1. Provide the per-residue ³J(HN,Hα) series for the range 401-407, in order, calculated from phi with Karplus coefficients 6.51, -1.76, 1.60 and θ = phi - 60°, each as a whole number of Hz, with x at glycine and proline positions.
2. Of the peptides 62-71, 262-271, 480-489, 86-95, how do they stack up when ordered by the mean number of other Cβ atoms within 10 Å, highest first?
3. With only Lys, Arg, Asp and Glu charged, each at its Cβ (+1 for the first two, -1 for the last two), find how big the charge dipole of the range 473-554 is about the Cα centre; round to the nearest 20 debye.
4. Between the range 212-271 and the range 442-475, what's the alpha-carbon centroid distance in Å?
5. How big is the equivalent ellipsoid of the range 315-358 along its three axes, where each semi-axis is √(5λ) from the Cα gyration tensor, reported in whole Å from largest to smallest?
6. So, R0 is 60 Å and r is the distance between the beta-carbons of L313 and E82; what FRET efficiency does that work out to, to 0.05?
7. With the Cα gyration tensor of the range 236-383 giving a ≥ b ≥ c as the square roots of its eigenvalues, does the rule (a/c under 1.5 for rounded; else a/b larger than b/c for prolate; else oblate) give rounded, prolate or oblate?
8. Based on the mean of other beta carbon atoms within 10 Å per residue, what is the order of 444-453, 460-469, 537-546, most packed first?
Amino acid sequence: MVVRPYLIATGLGIALMGIGVQPSLGQSLEAAVPDSQLNRDSSLLKIPTQGPDVAIDLDQPVTLQQAYELALRNNLNLQLAELQLQQNQAFLQQARAANWPTVSVQSALTRTDSANFVLNQTPIQVDTAAQLQAQQRTLQSLQTQQFLSQQELGIDIQQLQLRLQQDQNQIQQQIFTQQIQQLQLRANTSATPFAITNVTPLRPIAAAPIGQGNTGGISNLLQGTVSAVYNIYTSGFRSGQIESAKAQVKISELELKRQLEQLRLDVANDYYNLQQTSALISVANDAVRNAEASLEVTRAREQAGVGTRFDVLQAEVQLADTVQNATQAQNLQKIAQRQLAQRLNVKETVNLMAADQVTIAGGWLLTLEESIVLALQNRVELAQLLNQRRVAEQQRRVALAANKPQLQAFANFDVADELDDDVSGNFGYALGLQVSINFFDGKAAKSRAAQQEENIAIAETQFADTKNDLRFEVEQAYASLSSNLRNINTAQSSVQLAEESLALARLRSSAGIGTQLDVTSAEASLTQAKGNLVAAILDYNRALVALQRATSYAQPVSGVTPPGG
């Protein structure tokens with residue numbers, strides 16, 4: 001089925017045969033002005049400290065296509081989306097690293113200066129006879145002291161017994177008698193002299209020589225360990241993390257595409273706003289010139305006696321109103337210029353101007369139904385929600401894997417060597433498997449899984465809601481496109497009629513059969529008609545780019561078969 005152009009601008013000499021048709025680019029941006037004069041300083045954290053650093057000193061006209069190019073190169077929101085994409089790609093690489101074993105190496109070189117000591121192996125020579133005589137004298141002295149002590153103890157015990165006999169308490173006497181007997185027995189046992197034995201040769205204490213192993217001195221020990229760990233089975237934890245990271249990367253890629261499409265729409269609207277304010281200034285200046293000319297004619301008529309002072313006052317009021325409108329238009333133009341400069345992120349000192357004339361940007365070849373289907377197929381917001389649902393599903397797998405078996409393999413290889421001895425180092429290894437199961441965690445894993453189930457339901461609900469919003473967005477843009485196309489035809493006819501009316505009013509006023517009020521009214525009507533034409537064309541262009549954004553399709557449509565075709 002051949003697609004017919006449904007929206008065609010008639011009566012304007014322009015056939016709208018496609019969408020995305022841009023005006024002539026003219027001179028390229030690079031040829032018009034060096035990049036260094038348009039681009040901001042490369043330092044993102046730099047803040048101007050002087051007034052001249054932010055004073056506007058360059059007026060640069062740009063076309064809409066050149067504005068697109070500047071936005072793609074400089075817009076900070078777009079750069080932020082690219083950075084987030086790179087960040088999520090790094091997260092994906094991190095998740096994929098779990099497919100490989102973890103290998104670690106540890107090594108240590110230890111130098112120790114120990115304070116330990118050992119006994120000297122060389123005994124000191126001792127005089128055995130003199131040593132025996134000293135022992136005999138010591139023993140005799142000890143025996144004499146023990147004998148004298150026993151005598152004194154016996155006298156004390158007898159005196160204590162005599163005093164106890166005077167006490168009439170028989171039970172108390174028996175208790176003290178038993179205690180005295182036990183005391184005497186222990187005294188006799190403690191006073192037994194020790195046996196004389198030969199004393200071995202003395203061995204004095206001395207520090208161990210340096211380098212005799214670990215018994216003291218300085219030692220140098222080299223140790224090393226190589227470990228490898230691999231998760232053989234994770235019950236879906238590893239694969240869930242990888243698939244979740246893949247979905248996040250896809251979301252970032254779609255977000256970058258969404259930012260590009262939204263940036264195209266925002267730049268176009270900002271450019272059309274600048275065009276409209278510039279056109280309003282032109283219309284306002286024409287109105288000022290017409291009002292000045294009318295004032296001169298009115299004053300001449302007053303001097304000739306065919307006019308009145310009232311006509312002059314009306315002309316002066318009309319001139320003041322047009323001057324005020326021109327001032328307001330200039331203010332709006334400055335705001336639009338700074339808004340476009342901020343969107344394109346150009347240098348603060350650059351003042352952008354619209355180089356394109358106000359013309360119809362193109363046409364739309366699809367019916368409303370085809371446009372809605374195209375939007376539901378192309379909009380990245382729907383794909384983002386599907387990937388968010390996928391992320392929630394994978395995170396649910398990750399949460400449930402916490403209570404499932406985990407199988408891990410490990411291998412260790414150890415080496416240790418004392419560098420100061422003549423013995424070679426020791427080597428060892430360990431191999432094994434480890435299985436772990438978390439039987440009870442207070443239902444924490446199930447709670448995390450339940451949260452992800454809610455995220456799945458949220459993504460599904462948002463998907464349905466977004467479909468409704470996209471349909472309304474397409475219908476709104478399509479209706480605005482159709483109505484503004486009709487407004488263009490009406491406004492063009494109004495401009496022609498207003499020009500004829502103004503010429504007739506001036507002719508009647510010159511002939512004396514009309515008044516200055518008629519001329520003033522005709523001039524105001526012409527100004528309003530020109531403004532309405534500019535507004536209708538720019539509103540049509542805004543509706544066109546909004547429809548392109550709503551369908552994510554900004555290129556000429558060809559070969560599209562409507563439903564049922």
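1. Listing the rounded values in order: 5, 5, 9, 10, x, 10, 10 Hz.
2. Answer by packing, highest mean first, reads 62-71, 262-271, 480-489, 86-95.
3. Dipole about the Cα centre, nearest 20: 80 debye.
4. 27 Å
5. Values: eigenvalues 172, 25, 9 Å².
For the range 315-358, the ellipsoid semi-axes come out as 29, 11, 7 Å.
6. Values: r = 63 Å, r/R0 = 1.04.
In this case the efficiency is close to 0.45.
7. It comes out prolate by the Cα gyration axes.
8. On the way: 444-453: 15.0, 460-469: 13.5, 537-546: 23.0.
Answer by packing, highest mean first, reads 537-546, 444-453, 460-469.
The values are calculated or read from the model by the stated rules, or taken from the named source; none is laboratory data. Bear in mind the structure is a predicted one, so any value in this text is a computation, not a measurement. Backbone-built Cβ (ideal geometry, glycine too); neighbour counts: all protein chains shown. Surface accessibility is based on the protein's heavy atoms, side chains included, excluding ligands, DNA and RNA. Shrake-Rupley method; radii C 1.70, N 1.55, O 1.52, S 1.80 Å.
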